[in-house]
Structure formats: C-alpha cells, structure tokens
Amino acid sequence: MAELRINAKWMASASGEPEVMATAAWVDMYVDNISLTRNQDIWAETVRDNVFVSAYPLAMWFASSWWRLNHEPLPTQQPGHDWRMVHELGAANHGFVWPRVILIPDGEAIHVWAGTSMAPDQSVQYLQALEVPRTITLAGFQQSVERFICSVLARLDAKGYAGSNLAHLWALVQENSADPEAIRRRKLEAELGFDPKECPERALSAALLWESQVGEAALSELAPAIAASGATPDLALIGQLASASGIVGIPDISPDSIDHLDHGAPWERAIHDARALRNKMGNVSGPVPDRTLHDLLGISSEAATNWSAPVGRSPVAVAIPLNDHQLKFVPRRRNLAGRRFELARFLGEYLRPSTREARWLASTDLSTFRQKYQRAFAAEFLCPIDSLTSFLGSDFSSYAREEAAAEFDVSEQTITSLLLNNGYIHHHWTDSMPYRMAA
C-alpha cells in the first residue's frame, strides 16, 4: 500500500480573505516518493515539487468532502458534476490551480489517480502523472488528511483565526466520527450520493431499515449501485428482489473449506482462493462443467438453466439467506455465459471468510473491493490464466479468443479482461484517468 503525505511550508501573503492569507504556503503532495504537485511555474520559469497556494481551501475541500471521499464509490456510468466536485482535487478551487488528482474509495482503500495538467492559459502546469492508480489504506488516508487539516487549524490559531469555518466543520466531522450511530448515517448518505444531512429522510430511513435485514456489508454494495443506476433513492428495488422468485440451493462447501489469503489486493486474494478451491476439487486447470458449479452452490442445473430474469435491467443481483442454510439466488444476466459467470461470482462471495453470518450476497457492476474480488475469482475459477495462455499459445487474435471463450464456457469479454489484466494484451487508450475528464 502507498502512503499519502501533504505538507505546507507557511509563507506571507498580502492578498485574499483573512483565512486564505494566513495559510499561504508552499504545499506539496506526495504518494510515496512521487510528487503530485510537481509543476512548472510559467511566470517564474521554474520547476518545483511544491506549489504556492493557500492551504485553507484545500483543507476545506477535504473536510467538506470527508464522508463521500471515504465511502462513495465510482459510479458505473460517467460521473456527474456533483460526484466530481467531491472526488476531484481541482474542486478546491478558490482561484488557485490545483493538480489533476482523483480520489476514489472502494470500501477498504482509497485509490489515487493523477494526470498532467498542461493547459496553455494556466500559470501553473502540473507535470506528474501516475501510470497506474496508487492504493492507500482507508486508515492511512484518513490519518494523512487529518494531519494536514490539523496543521492548517494550528496555523489559523497562531494567526488569531481560531473560529474559522474550517474549525467548525472539522469539529462536526470529529463529533460524528465519535458517534457510531452518526457514522452509520453519514456512511449511508455518502453511499447514496449525498452530503451529510442532505439525503431525503425517506431514503435514509429506508436504507437504515434495509440494513438491518440485508446486512451492513451487502447494503454498502447495493445502495450505491441502485442509487447510481437512477432508480428511486428509497431502495424499493431491494424489496422487489426480496419477493422475487429465485433459484434455491444449499451450498455444498463452506468458507472454511479452503485456506484464504488475508492480505493483498482483491484480485490477489481472489486468484489465491479460486486456485485453492480448484485444488480441493482436484481440477487444477480444466474447464468447469455447469453441473460442477451448480453442485458447489447446491442448486438444480435444470432450475439454473430455465431461470428467467425479471423484466427490465437490474443494476444488482443478490443471494438471500433462507432457512436451513438455504440461499435464494436472484441473478440478473439473461445469457447463459453471463449467468454462469454471475453464479461463479456468488460462489466466490459466499466463500469469503466474512460471509459466515446469515446476510445477503450482492453482485453489482461497481468497482468496490468486494466486486473486484468477485470478478477476479469467477474469471480465475472458470478460466485459469495459465490454462488460457496454454490454450491460446501465442495467438491472441479475436478468433483465438472466441475459441477460448467456447472452450471454457465464458464470454469473450472475460477472455479479453484476463489477457489485459495479466499483461498479455494492452489497452490502446492512453489516458491514465478512470473516466473522461473533459467538462
């Protein structure tokens, strides 16, 4: 995991609002040893790792965005203006030019993207980009930002501005952070895409009610996926899923049936678990027949084949605990390969050590830690990368990928994703950011 550092070297300033003047500084921001603030000052004709700004608006942005920065994942569609204002560092604004940095949580960590900013009309041009996003633990991110905010508050105190808006806002964040019930509410509001206390009461009450039924972990996956899909914010879709018919089964395996990797990125843990399960099955590299997958989940192959997804496109699929260790699977994929992959995702989620308690399992298109784990588990379980490359040889053409998809009974998209993620083929897209940045 990477480390985030934000430092301010205080300087004098003769312009701006009192708090802005008091916190004028050379500010630098590092992820490990990479300076995200490395810039060329066009007027001074210098290149530096820090930039002359006021630390106050940056601290205000961190404090006002706190809950959503920590808990609101990237939506599946191009994010809107409101989402970008709380995840893109440039929104700190206040007349200063800030680096092109995006901060996105996945439920267990914060991912940092950075790109160059070379607009010809800017007095400051940022030179540093990250080729791949860096990952910071959630606790590490919180500690780094808190240290920075506290340094700004100490500077304001020393300059006689102890009662600033930043002081009041940060005190409220700390007060909420010390209250478990307030944390629960702020987190749910953020997952639904709202700032603190701006979520409609009806929507928040519905989310709190569903949380007691589906479980906190599952709701943290369902709420942002449903909210981002444009569905009604009262999460009525969860009720429809609860009452829907499904494929009922009793899994033939338990989380403690395999040894789990308890550290590392989601795909690292997923690949380890998928291989451990294959070793236990005695099938290390061959294709997994439908019946084997169905037997592991304890469902009828006939029921799985004949299942008809509800009308309309659902942003989520769920598996709901019933009596006697039963699970009711409610898939959403209509084609057989997609449904097979979805069931494999449920298998991976069921096997996670944290799924021992009776709670819902949720599968979505979001990029949270759990969803990344599910997708990586299903891909490696159904189509091990070593077996795939052995089958393909050195031929990664579309025709060869189509044949591989038929051999392992997965989609061509799964084959392509496996090859991309393992470095056998490469994206032609040159921008390193997670979505289009054009306004």
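The values are calculated or read from the model by the stated rules, or taken from the named source; none is laboratory data. These numbers come from a predicted model, not from an experiment. Please note: Cβ atoms are built from the backbone with ideal geometry, for glycine as well, and neighbour counts cover all protein chains shown. Just so you know, the surface numbers come from the protein's heavy atoms only, side chains and all, with ligands and any DNA or RNA stripped out. Shrake-Rupley method; radii C 1.70, N 1.55, O 1.52, S 1.80 Å.
Rounded, prolate or oblate for the range 79-138? Axes are the square roots of the Cα gyration tensor eigenvalues, ordered a ≥ b ≥ c, and the cut-off for rounded is a/c under 1.5.
oblate
Rounded to the nearest 10 degrees, what's the angle between the helix 216-228 long axis and the longest principal axis of the chain, both from Cα atoms, 0 to 90?
80
Using a 1.4 Å probe and ignoring any ligands, DNA or RNA, find the accessible area of Cys150 and quote it in Å² to the nearest 10.
Cys150 has an accessible surface of roughly 60 Å² with all protein chains in place.
If I build a Gaussian network model for the chain, linking alpha-carbon pairs within less than 10 angstrom, which residue out of Asp106, Asp179, Asp324 has the largest mean-square fluctuation?
It is Asp324.
By how many degrees, 0 to 90 and rounded to 10, does the Cα axis of helix 201-214 deviate from the longest principal axis of the chain?
40
Mind checking the range 224-316 for trypsin sites (Lys or Arg not before Pro) that DSSP puts in a loop (not H, G, I, E or B) and that have at most 11 other Cβ atoms within 10 Å?
Loop-located and lightly packed - Arg313.
Counting only heavy atoms of the protein chains, get the accessible area per residue of the range 37-108 (1.4 Å probe) and round it to a whole Å² value. Could you put the intermediate results ahead of the total?
Numbers: 2900 Å² over 72 residues.
On a per-residue basis, the range 37-108 sits at 40 Å².
Apply the a/c threshold of 1.5 to the C-alpha gyration tensor of the chain and tell me whether it is rounded, prolate or oblate.
prolate
With every protein chain left in place and a probe of 1.4 Å, what is the accessible surface of His272, to the nearest 10 Å²?
70
On a full-extension model of 0.36 nm per residue, what is the gain between Met21 and Ser432, subtracting their alpha-carbon distance, rounded to one decimal in nm?
Taking Met21 through Ser432 to full extension adds about 144.5 nm, to one decimal.
Taking 0.36 nm per residue of separation and subtracting the Cα-Cα distance, what length does fully extending Glu131 through Asp157 add?
The span from Glu131 to Asp157 would gain 5.4 nm if fully extended.
Whenever you get a sec, compute what percent of the accessible area on the chain sits on carbon and sulfur atoms (1.4 Å probe).
50
Let me make sure I get this right: for the range 215-257, a, b and c are the square roots of the gyration tensor eigenvalues over alpha carbons, sorted descending. Under 1.5 in a/c it's rounded, otherwise prolate if a/b > b/c, else oblate. Which is it?
The shape class here is oblate.
Accessible surface of Glu3 in the full protein assembly, 1.4 angstrom probe, to the nearest 10 Å²?
We get 90 Å² for Glu3.
Find, among the GluC sites (Glu not before Pro) in the range 316-382, those assigned to loop by DSSP (not H, G, I, E, B) with at most 15 other beta-carbon atoms within 10 angstrom.
Passing both the DSSP loop test and the Cβ count: Glu357.
Measure nothing but the geometry: give the 0 to 90° angle between the long axis through the Cα atoms of 412-421 and the longest principal axis through the Cα atoms of the chain, rounded to 10°.
The answer is roughly 50 degrees.
Using only Cα atoms, locate the centre of the range 181-205 and the centre of the range 256-303, then give the distance between them in Å, rounded to an integer.
What the calculation gives is 36 Å, centre to centre.
Please list His426, His263, His294 from largest to smallest accessible area, probe radius 1.4 Å, with all protein chains kept in place.
His426, His263, His294
Using Cα centres only, tell me the gap between the range 320-375 and the range 66-139 in whole Å.
30
Using the structure shown, select from Lys159/Lys187; Lys187/Lys280; Lys187/Lys372; Lys9/Lys187; Lys280/Lys328 the pairs with a Cα to Cα distance greater than 30 angstrom.
In this structure, Lys159/Lys187; Lys187/Lys280; Lys9/Lys187 exceed 30 Å between Cα atoms.
Of Gly140, Gly423, Gly286, which has the largest mean-square fluctuation in a 10 Å C-alpha GNM of the chain?
Checking each option, the largest mean-square fluctuation is seen for Gly423.
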